[in-house]
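What follows is a set of notes on a single structure, which appears directly below.
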Amino acid sequence: MGTANNSAPRGDHPPNAAKSLPRWMGHESSFSFSAHHRVIARQYFLLSLAAVLIGIVLSLLMRLHIVWPELRIPFFGQIKPEQYLAYMTMHGTLMVFFVLSVAPQNAFGNLVLPEQIGARAMAFPRLNMFSFWTTLLAFMVMVSALFVAGGGSMSGWTQYPPLSAITSAGSGQGRGTDLWIVSIAIFCVASLMSAVNFITTVLRGRVEGMSLMRMPLTVWSWFVTAMLTLLSFSVLLAAALLLFSDRHWGTSFYLPAGLVVNGAAVAGHSGGSPLLWQHLFWFFGHPEVYIAILPGMGVTSHMLSTFSRKPVYGYRGMVYSLLAIGVLGFMVWGHHMFVAGISPYAVLAFSTLTMVIAVPSSVKVINWLGTLRGGRIRFSVPLLFSVGFVSLFITGGLSGPILAQPAVDMYLHDTYFVVAHFHMIMGMAAVFAIFAATYFWFPLLFPDRMMNETLGRAHFWLTFIGAYATFMPMHFLGLAGNPRQYSQIAGSAKYLQKLLPVHMFITISAFVLAAAQFIFIYNLMHSAARGKFSGANPWEATTLEWEIDHGQKLTVHHDPYVFGPREDSRRDYTMQSEPPYTYKS
Amino acid sequence: MPKPAVLPPHTTHAEPKIGGRGPKPPASVGLGGDDWKNNPPGRRGPRERLKRFRVALGLVLISVFVLFIGLTSAYVVRQGGGTLDTTTGVFTRDWKPIAVPQILWLNTLLLLLSSATIEFARRQVFREPMVTEEWLGLGTPTRRASLPWLGLTLVLGFGFLVGQFVAWQQLNAQGIFMATNPSSSFFFILTGAHALHLLGGIIVLTWAALASVLSRPLESRQIATDCGAWYWHAMGVLWLYIFALLLFVK
């Protein structure tokens with residue numbers, strides 16, 4: 001960024017390291033049982049980094065299998081169709097649960113939230129520690145499914161019965177699916193504990209003067225996300241309990257009579273409804289989409305304001321639209337079930353409510369653009385990724401109202417159009433927000449170091465182009481009728497043959513996109529060890545996480561985003577904790 | 001950028017338009033008006049930690065109730081389930097209500113009694129004269145007053161769990177198992193899930209009793225007893241709800 005910083009102590013006394021740990025909280029090391037939110041944040045961050053690397057490898061294997069089904073990969077062999085399905089399940093599950101639910105909320109929430117509200121610690125540090133280690137346990141159980149006999153579950157991250165409820169239905173449907181259910185149940189408990197912690201911290205831990213309407217938008221988004229987590233993960237837990245019961249205790253919640261698997265009739269079940277699972281799952285699943293993206297929205301608002309040196313355009317509108325999205329998110333689960341055979345009246349209601357979500361979403365987009373307009377923009381890497389977020393959010397969001405039309409969705413539902421939609425908005429947009437947050441809060445994540453700007457720019461442009469090149473063509477595949485979840489398209493279905501070149505292009509783009517992440521990993525490791533020192537407030541931001549903790553009383557006197565020239569100094573920003581500004585006569 | 005007008009000294013004033021709505025007197029958060037605010041969070045008032053635990057407890061209870069709301073919706077949906085014979089076009093429902101074991105009435109009574117006893121225990125740890133006495137270091141009267149009630153609650157709670165177990169055994173003896181009928185599946189799932197949650201309450205109350213025995217600080221004992229008691233009440237309400245569901249929504 002290169003702007004001078006007035007008050008940055010440098011050298012031997014890095015300011016953020018000065019926020020030392022209370023003794024009972026344990027060590028600084030990332031590999032220890034520590035109750036300090038900053039250490040836990042780093043642990044969550046590394047966990048999601050591990051998950052995302054596995055997820056990327058799985059997606060590349062899938063892309064290879066689609067275009068070259070006969071390919072023998074060195075040290076690995078040929079990918080079998082059932083392996084493809086197992087990789088698809090694991091890719092989806094790891095990315096949705098262990099990356100998109102963990103990194104934005106738990107990693108950066110823990111890192112920044114308690115400091116942004118001046119709480120100095122989470123409400124329940126030991127509970128926080130317990131949440132992390134439980135999440136890690138869930139992760140290990142999930143990944144172990146890839147290595148058991150039969151391989152991972154084949155029924156997708158949504159685990160629709162009857163496929164998921166019958167243990168004999170496929171190679172991964174035995175132990176692989178059991179491990180999936182157990183892992184998700186553990187993950188639910190960990191997420192609920194974490195959500196309780198977040199909400200309590202926001203409600204009870206704010207310093208004097210930090211009223212709700214003075215909280216940074218990041219805090220608001222973590223707060224709303226935690227509420228969504230609290231209300232949705234319990235339902236998933238209930239649904240998973242019933243699924244486990246169907247699989248092992250002989251009940252028929254989801255299993256109807258007359259099922260035939262591999263030519264053999266399935267005995268002992270009758271009267272259940274697979275739709276019941278879909279209702280319960282998507283009552284969780286749709287809020288989960290917002291759990292992934294809402295923190296990204298908060299981070300983007302924060303970055304755009306900080307780097308255009310302007311207050312957030314329409315702060316209250318941002319807060320209310322965040323709440324509106326959170327509330328509406330619980331009312332639209334049926335739009336995942338338009339082709340599942342639900343009542344047309346229900347379809348009408350779900351379709352209308354889904355389109356209503358476009359309103360608060362548009363409020364946010366317009367306010368982001370309004371924040372940028374007329375600002376003195378500093379084109380640093382976090383800003384680039386945030387603008388990338390807005391771009392991807394618009395691109396991916398526009399296909400949302402399209403898919404909300406039941407008649408159009410009939411055609412597009414099981415095609416690549418949906419794959420393109422959710423990878424754009426939930427996958428890539430959220431990941432861009434994670435990147436922005438990583439570059440921005442790196443001095444807190446790895447004390448007092450900055451990431452390299454040049455590498456960051458290269459990373460941004462390659463990722464941005466790679467993301468569009470990978471996921472944009474999928475819209476056209478979907479419009480051309482290419483179904484999802486097919487392990488090969490070059491088989492007997494001749495009408496898909498002519499789409500093969502597009503798939504080739506996507507596969508190559510995916511490899512470029514993955515390769516670009518090596519720049520990020522290198523930058524991360526290099527900067528953590530020997531990045532340049534950040535100083536106290538490297539981005540000249542206004543919020544409390546950049547405040548040096550002198551152990552003194554902290555009081556908030558200002559709104560979160562106060563930018564503008566001051567007469568008493570050359571600064572153009574006023575930190576939230578500064579005393580009320582007095583003009584010289 | 002328009003320059004602000006020149007103002008008299010020492011006047012706080014709205015900042016230039018670009019800078020938000022300007023300073024206002026700090027709004028008091030949490031404990032209005034007392035003088036504990038120089039302390040870090042967690043030490044800003046005599047009851048701050050207690051209030052924080054109560055907020056967390058409320059959130060935990062929300063998630064527990066949502067779990068059972070999810071199960072309830074599955075219960076209602078499953079009641080309409082059945083098999084459609086495609087040759088005749090006849091739809092046969094397969095839900096056959098089970099007779100709820102009579103011992104559940106006794107269990108309900110035990111749980112309601114235990115709710116009363118835990119309330120006595122909860123009130124004992126907050127009684128002003130005793131708390132003052134402990135605070136002055138003159139003894140531990142709250143411990144002596146609350147422990148018997150805590151112990152009685154634990155006994156009654158275990159009695160409830162044993163009663164539930166007997167109810168399951170009675171159903172099994174009648175040939176009704178988990179997979180017999182959707183109604184029996186839900187009976188075992190709902191009562192089992194409730195029993196597990198009650199077990200959680202027993203663990204918290206055991207911890208509260210242990211905290212008394214081990215002479216933990218009064219604040220810790222208050223928090224453990226208070227939150228354990230409210231959780232226990234909530235589990236009682238939850239049981240009444242489940243029992244009503246099993247009795248009336250057949």
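Computed from Cα positions, the angle between helix A:344-356 and the longest principal axis of chain A comes to roughly 20 degrees. Neighbour counting of Cβ atoms within 10 Å sorts the residues A:Tyr561, A:Tyr290, fewest neighbours leading, into A:Tyr290, A:Tyr561. Against chain A, whose longest principal axis comes from its Cα atoms, helix A:125-144 is set at around 30 degrees. Counting Cβ atoms of other protein chains within 10 Å of each residue's Cβ and taking the mean over peptide A:553-562 gives 5.
Computing FRET efficiency as 1/(1 + (r/R0)^6) for B:Trp105 and A:Leu212, where r is the C-beta to C-beta distance and R0 is 41 Å, gives about 0.30. Note on A:Ser164, B:Ser220, B:Ser215: ascending count of other Cβ atoms within 10 Å places them as B:Ser215, B:Ser220, A:Ser164, the fewest first. The length gained by stretching the chain between A:Ser29 and A:Ala458 to full extension, at 0.36 nm per residue less their Cα-Cα distance, is 151.4 nm.
FRET efficiency for the B:Val155 to B:Arg127 pair, using the beta carbon distance and R₀ = 35 Å, is estimated at 0.90.
Approximating the spin labels as points 7 Å out from Cα along Cα→Cβ, the B:Val213-to-A:Glu567 distance works out to 7.0 nm. Given R0 = 45 Å, the distance between the Cβ atoms of A:Met355 and A:Phe379 translates into a calculated FRET efficiency of 0.80. Other protein chain C-beta atoms within 10 Å of residue C-beta, averaged over A:407-416: 0.
Shape of the protein assembly as shown from the C-alpha gyration tensor: oblate (a/c of 1.5 or more and a/b not above b/c, with a ≥ b ≥ c the square roots of its eigenvalues).
Overall, region B:102-250 carries a charge dipole of about 140 debye about its Cα centre when +1 sits on the Cβ of Lys and Arg and -1 on the Cβ of Asp and Glu, all other atoms neutral. Cβ-to-Cβ counts within 10 Å put A:Ile519, B:Ile203, A:Ile325 in ascending order as B:Ile203, A:Ile519, A:Ile325, the fewest first. Inter-chain neighbour count for A:268-279: the average number of beta-carbon atoms from partner chains within 10 Å of each residue's beta-carbon is 4.
Between A:Phe518 and A:Ile548, the distance separating the two model label sites (each 7 Å from Cα on the Cα→Cβ line) works out to 4.1 nm. For chain A, the longest principal axis of the alpha carbon atoms and the long axis of helix A:37-67 meet at an angle near 40°. Determine the distance separating the Cα centre of region B:214-250 from the Cα centre of region A:360-410; give it in Å without decimals. First find each Cα centre; the distance between them is then 46 Å. Farthest toward the positive end of the dipole of the protein assembly as shown, out of A:Asn452, A:Gly150, A:Gly263, is the Cα of A:Asn452, where the dipole comes from beta carbon charges about the Cα centre.
Here A:Lys80 is the anchor, and the aspartates and glutamates within straight C-alpha reach of less than 14 Å, apart from those fewer than 8 places off in the same chain, are A:Glu70.
So which of A:Lys364/A:Lys553; A:Lys310/A:Lys364; A:Lys364/A:Lys532 end up more than 24 Å apart by C-alpha? Exceeds cut-off: A:Lys364/A:Lys553; A:Lys364/A:Lys532. Projecting the Cα atoms of A:Tyr439, A:Thr200, B:Phe165 onto the charge dipole of the protein assembly as shown (Cβ charges, centred on the Cα centre) puts A:Tyr439 farthest toward the positive pole.
Where a number appears in this text, it was derived from the coordinates with a stated rule and is not lab data. Remember, it's a predicted structure, so these values are computed and weren't measured experimentally. Counting neighbours? That spans all protein chains shown, and the Cβs are built from the backbone with ideal geometry, glycine included.
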